[in-house]
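Since the structure comes first, as structure tokens, the remarks are kept for the end.
The values are calculated or read from the model by the stated rules, or taken from the named source; none is laboratory data. All values reported here derive from a predicted model rather than from experimental measurement. With ideal geometry, Cβ positions are generated from the backbone for all residues, glycine too; neighbour counts draw on all protein chains shown.
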Amino acid sequence: MDSNEIPTYSNDGYLGFSVLLTQTTDVLIYIEDEKGVHIYETLMQRLFSDTSIEIRVEAVSGKKNLKDIHRKNEAEEHREHLVPCFFIADLDFDDIKGENKVRDDNFIYLERYSIENYLVDEEVGINFVKGRTNENKRLCKHKIEFDKWIENISKQTRKLVTIFITVQKLRLPVDNAKLPIARFTNEKKPYEIDERKVGNYLLEKVFKDYKRNKMYGFTKHYLSIDRRITTMYGSEFKKVIPGKQLLQLFISYLSTYTDGKGVNRVDFENIACHCCDLSTLYYLKDAINNYLTSYRAALAG
């Protein structure tokens, strides 16, 4: 195995960490995406900076594995040789599609599509531009007009996201929410969605497979999903824009206010982790603290 490669284990192997880490870890948090580990680690350090709780984060490659490990953990729960395990799942489009969700004290869903969505906020934008330009925060805030930008990008991505959800709902074998957002952006303005490219994707990819599979009802499903988005999220549509795509749009947008040079995504994520608004994640801290309290009480009883 390459020295830079993240090791992977069986689901039983991942669960085994809860035995091995009893001397060094107070809670073991499992997440879906290995690319999100460094984000979670930094955010958890910030969230629990006022405590002595030691947290370890492990990624398990997908929601299916996350649910499977949770199920196996339940069979071992409250044994003294185990570290308490907590599971954090991406929201994805689960609510909009009406997917069945795990209901348990130690299994929680993000309130946004993925953890990257929490890195897209005004404070991050201000600090990034300030760091590149040395301008004061007030000027940076005025320049980036975050609220206006997020409203515009929400409108621009609405059709594309609705198509993605329809594709998933109909189980069409077409790449969707994991596609790089550059596939759909204006070549000269990579922070804006190109309607022509969205149309081409719909006609040349989605409808092509839709017709090949002799399916019916695409428009009906699309309109139903669009109404459901409005009912469930209203003006908070930004919560269900795929996180990695939204973050890339944000990086491209902020670059127009700095030197215009390319920005390393991981570097940006590290900056964002340290200055994003933590209040939007307090529900995670509360859920983890509440679970640890009940876990310890069960052991003591």
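A few points about this structure:
- Of everything listed in (1) closer than 25 Å to residue 243 by Cβ; (2) assigned to a loop (DSSP other than H, G, I, E, B), the single unmet condition for residue 215 is (1).
- Filter result for the condition that a residue is surrounded by 13 or more Cβ atoms within 10 Å (Cβ to Cβ), at pLDDT 55 or above and within 22 Å of residue 101 (Cβ to Cβ), over 32, 41: 32
- Single residue of the range 216-238 satisfying the filter (of a type in the set (S, T, N, Q) and under 15 Å from residue 97 (Cα atoms)) that is surrounded by the fewest Cβ atoms within 10 Å (Cβ to Cβ): 231
- Within the range 239-290, considering residues that are in contact with a helix residue (DSSP H, G or I) (Cβ under 6 Å, 6 or more places away or on another chain) and in a loop (DSSP other than H, G, I, E, B), the one surrounded by the fewest Cβ atoms within 10 Å (Cβ to Cβ): 277
- Whichever residue in the range 149-191 is polar (S, T, N, Q) and without any contact (Cβ under 8 Å) to a residue 12 or more places away in the chain and, among such residues, is farthest from residue 222 (Cα to Cα): 186
- Being acidic (Asp, Glu), farther than 21 Å from residue 298 by Cβ and crowded, with 20+ Cβ neighbours inside 10 Å is not true of residue 121.
Quick grid of which residues meet (1) of a type in the set (Gly, Ala, Ser); (2) in contact with a strand residue (DSSP E or B) (Cβ under 8 Å, 6 or more places away or on another chain); (3) surrounded by fewer than 20 Cβ atoms within 10 Å (Cβ to Cβ):
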site	(1), (2), (3)
148	no, no, yes
154	yes, no, yes
165	no, no, no
174	no, no, yes
195	no, no, yes
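- On the stretch given as the range 51-93, residues that are at pLDDT 95 or above and acidic (Asp, Glu) total 2.
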